[in-house]
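A short reminder: the numbers here are calculations on the coordinates, not readings from a lab. The structure presented is a predicted model; accordingly, all values stated were derived computationally and were not measured. Counting neighbours? That spans all protein chains shown, and the Cβs are built from the backbone with ideal geometry, glycine included.
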Amino acid sequence: MVFDKELFSIVTLSLEVSLLAIALATLIGVPLGVCLGRCRFPLKSIVVSAANTLMGLPPVVVGLVLYLILSRRGALGFLSLLYTPAAMVLAQWLLALPIVIALSHSAVAAVDPVIAQAARALGASPFQISMAVVREARYALSSAVIAAFGRVTAEVGAVFMVGGNIAGHTRVMTTAIAMEVDKGGFELALSLGLVLITISLAINVALHLFQRKGAQPSG
């Protein structure tokens, strides 16, 4: 197995990109998901259906659309983001956001209505009621974020298209594994694969623990 400077650089960039994308998706997606679960407004069912549909959005489609937008002739070409880590963060954010929104909505919608009713009876404001519901759904909400993180860390197509897999600049674990296998560099590919499997295992263990914790009766 290979554990050198190159591997460390690839793993570090992979985690930086994915963690930043998930942080942004959490900051935006969880409040939107909670709002979907708590608020009533016209066309709500369409918005929920759209979020659920976008959970399965093909990464290559996200990569293609983002490439066209960020390319020199694209709408945001003047920002010169193509083939940069920022473009990769944006791609992973677009993939993670629908997952966080949809699963957060499901988490909040599954909370027993008695929680909100009890808070309302005690004179809580609408915001305080929502916070009580969020507290009850905190484990399921955490699971939503972990599930989204699991998806983006294993993603290849979108980050390859907008990042370019440039050595020392935009090369992450998934794109590096694909490239190393293609050129016969199996030692580095296996080392990166081991790291990726370890991260995936940690994510799944964390997801399982949060789901078990959330399934336990509170009190």
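For this structure, a couple of remarks:
- If R0 is 45 Å, the Cβ-Cβ spacing of SER45 and THR198 corresponds to a FRET efficiency of close to 0.65.
- Residue ranges 53-59, 43-49 sort as 53-59, 43-49 when ordered by packing (mean number of other C-beta atoms within 10 Å per residue, highest first).
- Here the peptides 105-111, 158-164, 173-179 are ranked by packing, the mean other Cβ count within 10 Å, and the order with the highest first is 158-164, 173-179, 105-111.
- Mean-position separation - Cα centroids, the stretch 34-100 and the stretch 127-164, in angstrom: 14
- Neighbour net charge for LEU66 - beta-carbon separation under 15 angstrom, K R +1, D E -1: +1
- Helix axis angle, 173-183 relative to the chain longest principal axis, alpha carbon, degrees: 30
- Counting 0.36 nm for each residue step from LEU209 to SER71 and taking away their Cα separation leaves a gain of 45.5 nm.
- Rounded tilt (10° steps) of 59-70 against the dominant C-alpha axis of the chain: 80
- Computed magnitude of the charge dipole of the stretch 5-215 (debye, nearest 20; Cβ of K, R +1, Cβ of D, E -1): 620
- Protection proxy ranking, peptides 90-96, 17-23, 206-212, average beta carbon neighbours within 10 Å, highest first: 90-96, 17-23, 206-212
- The C-alpha atoms of the chain define a longest principal axis, and helix 85-109 lies at about 20 degrees to it.
- Full extension of the segment from ALA118 to ILE28, taken as 0.36 nm per residue of separation minus the current Cα-Cα distance, would add 29.6 nm.
- Candidates ALA86, SER130, GLY168 compared by Cα position along the dipole of the chain: farthest toward the positive end lies SER130, with charges placed on Cβ.
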